[in-house]
1. Checking Gly59 against (1) within 21 Å of Gly18 (Cα to Cα); (2) in contact (Cβ under 8 Å) with a residue 12 or more places away in the chain, which single condition isn't satisfied?
2. Does segment 19-33 include one or more residues that are open to solvent by less than 60 Å² (accessible area, probe 1.4 Å), among the polar types (S, T, N, Q), under 23 Å from Glu127 (Cα atoms) and assigned to a strand (DSSP E or B)?
3. Would you mind stating whether Asp76 is open to solvent by less than 30 Å² (accessible area, probe 1.4 Å) and on the phi < 0 side of the Ramachandran plot?
4. Return yes or no: is Ala2 of a type in the set (A, V, I, L, M) and out of contact with any Leu (no Cβ under 6 Å at 6 or more places or on another chain)?
5. Output the residues belonging to segment 34-72 that are within 10 Å of the chain's Cα centre (by Cα), part of a strand (DSSP E or B) and of a type in the set (A, V, I, L, M, F, W, C).
6. Name every residue in segment 78-109 that is under 18 Å from the mean Cα position of the chain (by Cα), part of a loop (DSSP other than H, G, I, E, B) and of a type outside the set (Val, Ile, Thr), in order of residue number.
7. Out of all the residues in segment 112-128, which are surrounded by fewer than 19 Cβ atoms within 10 Å (Cβ to Cβ) and of a type outside the set (S, T, N, Q)?
Amino acid sequence: MATLKVGLVSPEREIWSGEAKMVVAQTVEGQLGIMPGHAPVLGVLLDGSVVKVEPADGGEWISAMVGTGFFSIAGDEVSVLAEHAELGTEVDVAAARQDLETALAGGEEDTTAERRARARLRAAGHEA
């Protein structure tokens with residue numbers, strides 16, 4: 001079975017890397033599902049979105065909140081380069097909820113802080 005070689009990185013560290021069956025990313029132009037054999041693509045990540053990876057070993061899907069960044073598909077290699085990223089399993093849900101409340105109290109809708117707080121909660125498996 002063909003797989004993808006996936007790397008999800010931020011300037012601070014490598015967030016996740018490994019073999020995957022599928023990657024789902026939200027771009028500024030819409031959602032994109034990537035499977036082995038996908039055509040080459042270079043895209044812009046939607047700030048405050050969630051990237052999901054289906055591991056090739058059959059484990060649970062990996063979810064990560066991502067800030068602005070890029071992804072590229074070349075052959076069966078997928079690189080996700082985000083200026084900020086956080087695995088859903090690492091999210092402090094209480095802090096993310098507080099960040100969301102603070103962003104909403106600011107009075108402006110759809111701010112970067114609000115989008116990122118909502119994405120952190122979605123990556124952790126909590127609805128925002």
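1. Going through (1) within 21 Å of Gly18 (Cα to Cα); (2) in contact (Cβ under 8 Å) with a residue 12 or more places away in the chain one by one, Gly59 breaks only (2).
2. Yes, that holds for at least one residue.
3. no
4. Answer is yes for this residue.
5. Answer for segment 34-72, where residues must be within 10 Å of the chain's Cα centre (by Cα), part of a strand (DSSP E or B) and of a type in the set (A, V, I, L, M, F, W, C): Leu45, Val50, Val51, Val53, Ile62, Ala64, Met65, Val66.
6. Glu83, His84, Asp92 - these are the residues of segment 78-109 that are under 18 Å from the mean Cα position of the chain (by Cα), part of a loop (DSSP other than H, G, I, E, B) and of a type outside the set (Val, Ile, Thr).
7. Ala113, Gly125, His126, Glu127, Ala128, listed by residue number.
Listed here are the residues, each with its yes/no results for (1) modelled with pLDDT of 95 or more; (2) in contact with a helix residue (DSSP H, G or I) (Cβ under 8 Å, 6 or more places away or on another chain); (3) not hydrophobic (A, V, I, L, M, F, W, C).
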{"site": "Val53", "(1), (2), (3)": "yes, no, no"}
{"site": "Ile62", "(1), (2), (3)": "yes, yes, no"}
{"site": "Glu83", "(1), (2), (3)": "yes, no, yes"}
{"site": "Leu87", "(1), (2), (3)": "yes, yes, no"}
{"site": "Thr102", "(1), (2), (3)": "no, yes, yes"}
{"site": "Gly107", "(1), (2), (3)": "no, no, yes"}
{"site": "Asp110", "(1), (2), (3)": "no, no, yes"}
{"site": "Arg115", "(1), (2), (3)": "no, no, yes"}
{"site": "Leu121", "(1), (2), (3)": "yes, yes, no"}
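The values are calculated or read from the model by the stated rules, or taken from the named source; none is laboratory data. If you're wondering where the values come from, they're calculated on a predicted model, not measured in any experiment. So basically every Cβ, Gly included, is an ideal-geometry build from the backbone, and we count neighbours across all protein chains shown. In case anyone asks, the SASA skips ligands and DNA or RNA and just uses the protein heavy atoms, side chains included. Shrake-Rupley method; radii C 1.70, N 1.55, O 1.52, S 1.80 Å.
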